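Worksheet: one structure, shown below.
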Amino acid sequence: MTHQVYAFEPPERFVAGTVGPPGERVFYLQARGGGRLVSVALEKVQVALLAEKLDELLGEAHRRFGVVLPEAVVEVPDNEPLESPVDEEFRVGTLGLAFDVDTTTVVIEAIAAGETEEDEEPTEEDTADLDRLRVRLTPAATRDFIERARRVVAAGRPPCPLCGQPLDPKGHLCPRHNGYHR
């Protein structure tokens, strides 16, 4: 069985988005380019972490290589929904990030979940034959991706003011209320 590499270097659009109502949202990374549309599913926490790590990567590229960082001023932020159809190619297991100094671009690799144990870090060998989505972005496109990813993550259910867990429309069992609904 051959593995598939979906490469967009660069994509016309690369965004994090969701499908479904708050509390049941499924998170996706979606890349479009060259007449292709690829969507891969991942966890909310992976989207949040990806935005955080990309932010750190841009900062590092600025410090180490003097890369000029674009201001996060998006006149027209991309708040459009994911493009249809959202066909899940695979579920993301690991995310890889790199900064390519020669082209001043950020490379993001979303690698399919493999057969490794939950608590084991997958090795190069483990991931070599897994499907992957590879995207190459300019620092400006990376900044736009980070901003949108943060909006998408924050757009879920509002947090409980007492415990910080997401509030369910039907209410929730707050640990601070000793198991009573409020």
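Of note:
- Residues of the range 151-165 satisfying the condition of being part of a loop (DSSP other than H, G, I, E, B) and of a type in the set (A, V, I, L, M, F, W, C): A155, C160, L162, C163
- Filtering the range 20-42 to residues that are at pLDDT below 95 and either surrounded by 14 or more Cβ atoms within 10 Å (Cβ to Cβ) or closer than 15 Å to A112 by Cα (or both) leaves P22, R25.
- Out of V5, V45, V15, one residue alone is under 9 Å from the mean Cα position of the chain (by Cα) and surrounded by fewer than 15 Cβ atoms within 10 Å (Cβ to Cβ). It is V45.
- Filter result for V86 (of a type in the set (A, V, I, L, M, F, W, C), within 16 Å of the chain's Cα centre (by Cα), in a loop (DSSP other than H, G, I, E, B) and over 18 Å from R151 (Cα atoms)): yes
For every residue, the table says whether it meets (1) at pLDDT 95 or above; (2) surrounded by 12 or more Cβ atoms within 10 Å (Cβ to Cβ).
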{"position": "D87", "(1), (2)": "yes, no"}
{"position": "V92", "(1), (2)": "yes, yes"}
{"position": "A112", "(1), (2)": "yes, yes"}
{"position": "E115", "(1), (2)": "no, no"}
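- Residue check for L58: under 17 Å from the mean Cα position of the chain (by Cα) and assigned to a strand (DSSP E or B): no
The values are calculated or read from the model by the stated rules, or taken from the named source; none is laboratory data. Keep in mind it's a predicted model, so treat the numbers as computed, not measured. Cβ: placed from backbone, ideal geometry, glycine included. Neighbour counts: every protein chain shown.
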